[in-house]
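Engineer: One structure, as structure tokens, below. Some questions next.
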Amino acid sequence: MTDDELMGLAIDEARAAAAREPADVPIGAVVVGPDGAVLASAGNRREADEDPTAHAEILALRRAAQVTGRWNLTGCTLVVTLEPCTMCAGAIVLARTQRVVVGAMDPKAGAAGSLYDLVREPRLNHRVELTTGVRAQECGDLLREFFRARRARRP
Ligand SMILES: [Zn+2]
């Protein structure tokens, strides 16, 4: 599958997160193995699980590790609709993820090229290949629409 197609799966996860009750901010992630097989996908579950760490990337990395039976995801690619935060960028490095594909950037909290660049930090022991801007408009529109609708619902 191409990056565009994989981002489509991540977008599906993001949409599912927003459609749940309670709704979660629409962010989705997919982990692909070295052979291109999809190992795991997940949407943000912070509200659903009442867990501040239940970001899509963390859940997808965890599932991919369970599926492969290894914490070390060398050769794997993580595809995510929004630029990872500092926590997720840290987990991506710890998992030895080979490549990250990002949809929309997050200038306020992103740690993969915006506010920080932890995934390519030369002082860390692992660096990740980074591709950004894949279906960025669509990924960003999902978030903008979610927050616009939420603001509209408030009295
Ligand atoms: Zn995160």
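The values are calculated or read from the model by the stated rules, or taken from the named source; none is laboratory data. Everything quoted here is computed from the prediction, not taken from an experiment. For neighbour counting, all protein chains shown are included, and Cβ atoms are generated from backbone atoms with ideal geometry for every residue, glycine included. The accessibility values were calculated without ligands, DNA or RNA, using every heavy atom of the protein model including side chains. Shrake-Rupley method; radii C 1.70, N 1.55, O 1.52, S 1.80 Å.
Engineer: Give me the accessible area per residue for the stretch 1-149, probe 1.4 Å, as a whole number in Å². Could you put the intermediate results ahead of the total?
Structural biologist: Values: 7180 Å² over 149 residues.
That works out to 48 Å² per residue.
Engineer: Work through the residues other than Leu130 whose Cβ is under 13 Å from its Cβ and net out their charges, Lys, Arg +1 and Asp, Glu -1.
Structural biologist: So the environment of Leu130 carries a net charge of -2.
Engineer: What spacing in nm lies between the two simple spin-label points modelled at Thr132 and Arg15, each 7 Å away from Cα in the Cβ direction?
Structural biologist: 2.7
Engineer: Looking only at the stretch 102-123, which residues have a backbone nitrogen under 20 Å from a spot 7 Å from the Cα of Thr86 in the C-beta direction?
Structural biologist: 105-123
Engineer: Which whole-number percentage describes the relative contact order of the stretch 3-82, with Cα contacts under 8 Å and a sequence gap of 6 or more?
Structural biologist: Over the stretch 3-82, the number comes to 32 percent.
Engineer: In nm, to one decimal, how far is the Asn72 label point from the Glu5 one, both placed 7 Å along Cα→Cβ?
Structural biologist: The answer from the label model is 3.0 nm.
Engineer: With a cut-off of 8 Å between alpha carbons and a minimum separation of six or more residues, what is the relative contact order of the chain in percent?
Structural biologist: Numbers: 345 pairs, mean separation 29.5, N = 155.
Reported as a whole number, the value is 19 percent.
Engineer: I've got another one for you. Using a Gaussian network model of the chain whose springs link C-alpha atoms within less than 10 Å, name the residue from Ala48, Ala91, Ala14 with the highest mean-square fluctuation.
Structural biologist: Ala48
Engineer: Compute the Cα gyration tensor for the stretch 65-117, then decide on rounded, prolate or oblate, letting a ≥ b ≥ c be the square roots of its eigenvalues: rounded whenever a/c is under 1.5, prolate when a/b is larger than b/c in the other cases, and oblate in all that remain.
Structural biologist: prolate
Engineer: First measure r as the distance between the Cβ atoms of Ala149 and Arg123, then evaluate 1/(1 + (r/R0)^6) with R0 = 25 Å and state the FRET efficiency to the nearest 0.05.
Structural biologist: On the way: r = 41 Å, r/R0 = 1.65.
Result of the calculation: an efficiency of 0.05.
Engineer: Right, here's the next one. With Cβ to Cβ distances under 11 Å as the rule, what net charge do the other residues near Cys76 carry (K, R +1; D, E -1)?
Structural biologist: Taking every other residue near Cys76 into account, the sum is +2.
Engineer: Right, something else. Could you tell me which of rounded, prolate or oblate describes the stretch 1-144, using a ≥ b ≥ c as the square roots of the eigenvalues of the alpha-carbon gyration tensor, with rounded for a/c under 1.5 and, failing that, prolate when a/b is larger than b/c and oblate otherwise?
Structural biologist: Judged from the Cα gyration tensor, the stretch 1-144 comes out rounded (a/c under 1.5).
Engineer: Where the centre of each part is set by its Cα atoms, how far does the stretch 1-58 sit from the stretch 77-155, in angstrom?
Structural biologist: The two parts, judged by their Cα centres, are 12 Å apart.
Engineer: Once you place label points 7 Å from the Cα toward the Cβ at Ala37 and Asp49, how far apart are they in nm?
Structural biologist: Label at Ala37, label at Asp49, 2.4 nm between them.
Engineer: If you take every DSSP beta bridge fully contained in the stretch 36-155, what fraction is antiparallel? Give it as a percent rounded to 5.
Structural biologist: Working: 1 of 9 bridges.
The antiparallel proportion sits near 10 percent.
Engineer: Using amide H atoms built in the peptide plane, which far-off residues or other-chain residues are under 5 Å from Leu39 H to H?
Structural biologist: Excluding prolines and chain starts, which carry no amide H, the hits are Val31, Val32, Gly33.
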